[in-house]
Structure formats: structure tokens, C-alpha cells
Amino acid sequence: MAIGLLSTDFDGTLIGHQPDARTTAALVSALTDLRRNGGVWTVNTGRQLWFALEGLEQAHLPHDPEFVLSSEKDIFRRVEEGNWEAFGDWNARIERQTADLFGRAARVFDAIREMTSKGDGVEVLYENDRVAGLMTADVATMDRTVEMVRAASADVPEFSFSRNDVWMRFAHRDVHKGSALAELARLLAIPREAVLAIGDHQNDIPMLDGSAAAMVACPANAVDEVKDLVRSAGGYVSPFPWGEGVADAIRHFSA
């Protein structure tokens, strides 16, 4: 089946992490062909919308995506050059669900604040004046932080988090890149069989496990956990990194 909806992570997938990362010619060609063939593209990222748009501008891609799934949960549609709007009622519903959960998880956040107050390389991150996640000084510190947050939230089953290198985002267990992608596909009436998802890190796992997208892939620079998941889901692990890997995966599933 032709690709009807392409969902790509941004950092580490469309572009490399190094400061001089550039969009490859192969990626420009693949995205241009996808649009020409009627496919829809969404960037599915942990970045807030403004930060995602800033990154897209710096990446010099051939065109903006039709949609941005920001903060691993919100759905925005491009309505005209430079302007974006919430698509459907998903964002409002997820905000109510998140606010309710975070209110009930106040004790969890107290424990997290206590943990970060010790100054051991863990920083609390906020979005719209609400605790959104954590950043650590290095991967080893994040590994320890994951275990501490898991223990602190053990009696709040709906409380969850996603991890990407030294970043952690808090959420309801049913709110993640995969559920946002599934909702976008539903709103667009695009079947799961026509959805391709591509990502490189642990926070991409919910959109790469086969539940939201029948076609899944990752670039060569993906972490081993993601590569193993993609293989187990019958997907494609590209031998090329970052944007070249995305282009390669698009070509693979378009053949």
C-alpha cells in the first residue's frame, strides 16, 4: 500500500545531532516525491510547537510538514505559511486528561522536586508553568533518574514518562507519540496500513511498535532498543543515518 501518512521524529532522525547537521539531497527528493504522490507528512517530536518550527526553518527542508505533533502529544495543522492551528479536539481533551492526572499525582511531583533539589545534575523542565519533565547532566544520571521516578510513581498507574537520552517527559500512560499519530490518522481517514513511522530513540517507541503504523523504520544511528523493536515489528532498519536513513526508508516502502 502507498504511503498515505509519514510520521518522522525530528532530532536524530530528520537531522543529526551534531551542530553542522544538514538536510541531505536524498531527503529533499524523498519528501518532494511523497507530496507529489499524495502523501501527508507530520513531524512527531518532543519539541514544543515554536521550537519545532524553529528547527524546521533551520533544517532547510523542501517544504513544511502538513502537521506537527508537538510535545509528544499535541496535533497542529498548517493552515497557511507560518500559521498553525489545533486540529480536531484532541489537544483540548489531552490537556484536561493531563491536568487531572497531574493534580492527582501531586505527591509524585513533590518527590521529584525533592530529588532535584539535591543538585546532583537533574533539572526540572516546565511548559506553560507546569512541570513537564526533567533534564540530566549525562546519560548515566538519567539512567538513575528513571529508576527513581519509576519508584516514586509506582502507586499512580496512569502516570508515565518517556525518555530520550538525557531528557524525560511526564504524561498520562495513554498519551504519547503513538496515540497522537493514531488520532491524526483517524482524523484524516488514513488506515494504519498506509502509515509509515520513523524514529531513533526510546521516546519514539510508541509510534514504532506497529500499533499506530503498519510500516515502521529507523535510521542507522537509532539506539539498539529501537532497532530491535523495528525488526520485531517487521519494519526496516536503514544502513544510513539520520535524513539519509529517512529517505532510504521512504524509498524502501514505496518500492
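The values are calculated or read from the model by the stated rules, or taken from the named source; none is laboratory data. Predicted, not measured: the structure shown is a model, and the values here were computed from it. No Cβ is skipped: glycine too gets one built from the backbone with ideal geometry, and neighbour counts run over all protein chains shown.
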Report task. Would you be able to tell me the number of residues in region 144-154 that are loosely packed, with under 12 Cβ neighbours inside 10 Å and assigned to a helix (DSSP H, G or I)? Result -> 2
Report task. Might you let me know whether region 194-209 holds any residue that is free of Cβ contacts under 8 Å to residues at least 60 places away in the same chain, of a type in the set (D, E, K, R) and surrounded by 13 or more Cβ atoms within 10 Å (Cβ to Cβ)? Result -> yes
Query raised in the report: If only one of Glu81, Glu66, Glu57 is crowded, with 18+ Cβ neighbours inside 10 Å and among the charged types (D, E, K, R), which one is it?
Result: Glu66
Query raised in the report: Under 8 Å by Cβ, and 6 or more places apart or on different chains, what pairs join a residue from region 81-99 that is in a loop (DSSP other than H, G, I, E, B) with one that is surrounded by 14 or more Cβ atoms within 10 Å (Cβ to Cβ) and charged (D, E, K, R)?
Result: Glu81/Asp64; Phe87/Arg77; Gly88/Glu183
Report task. Would you point out which residue out of Thr24, Thr42 is at pLDDT 95 or above and either within 20 Å of the chain's Cα centre (by Cα) or over 29 Å from Val156 (Cβ atoms) (or both)? Result -> Thr42
Report summary line: Residue count, region 106-142, condition closer than 21 Å to Asp74 by Cα and in a loop (DSSP other than H, G, I, E, B), comes to 2
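Yes or no, residue by residue, for (1) surrounded by 14 or more Cβ atoms within 10 Å (Cβ to Cβ); (2) within 20 Å of the chain's Cα centre (by Cα):
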{"residue": "Val108", "(1), (2)": "yes, no"}
{"residue": "Ile112", "(1), (2)": "yes, no"}
{"residue": "Thr116", "(1), (2)": "yes, no"}
{"residue": "Val131", "(1), (2)": "yes, yes"}
{"residue": "Ala137", "(1), (2)": "no, no"}
{"residue": "Met142", "(1), (2)": "yes, yes"}
{"residue": "Asn164", "(1), (2)": "yes, yes"}
{"residue": "Met168", "(1), (2)": "yes, yes"}
{"residue": "Ala180", "(1), (2)": "yes, yes"}
Query raised in the report: For region 161-168, does any single residue satisfy the condition of being in the same structural domain as Ala132 (by TED's automatic domain parsing), acidic (Asp, Glu) and either under 23 Å from Ala30 (Cα atoms) or without any contact (Cβ under 8 Å) to a residue 40 or more places away in the chain (or both)?
Result: yes
